[in-house]
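Written below as structure tokens is the structure these notes are about.
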Amino acid sequence: MLRRLADCLIAMIKMLEPKKPRRQELDYTISKLPEEILAIIRISWYKDGKPDEIDEMALLEDGENGYHAFHSVVGSAMKRGASVSIRSGYRPQDLGIPV
């Protein structure tokens, strides 16, 4: 009985998670931004392989906190199947993105 309930709960959770798009993308643009902004990040979420929702945020330059927030946001979105577009005054390798 508990096993069947657990299986049902797992199935429901999987239905709520966004499905990964067929081709996930990471776009990076270097451009001049105000000094206090580390990066502007746009996250495109997909449902059934089609665009469903877009989130956009500006991360402030805040020393290690800003870099930690950047890695958390971008890493989490990529792991969950979103496409991510980044605009920053820094080179990608400065923020830990291999080119």
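No value in this document is a laboratory result; all are computed from the given coordinates. Quantities reported herein were computed from a predicted structural model and do not represent experimental measurements. Positions of Cβ are backbone-derived with ideal geometry, glycine not excepted, and every protein chain shown enters the neighbour counts.
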> Across the Cα atoms of segment 19-95, what radius of gyration and what greatest pairwise Cα-Cα distance (Dmax) are found, in Å?
Replying inline: 12.7, 39
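Determine, for each peptide in 38-46, 67-75, the mean count of other beta carbons within 10 angstrom over its residues, then list the peptides with the highest first.
Working: 38-46: 19.1, 67-75: 15.8.
The most tightly packed comes first, giving 38-46, 67-75.
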> List the aspartates and glutamates whose alpha-carbon lies under 14 Å from that of Lys47, not counting same-chain residues fewer than 8 positions away?
Replying inline: Glu17
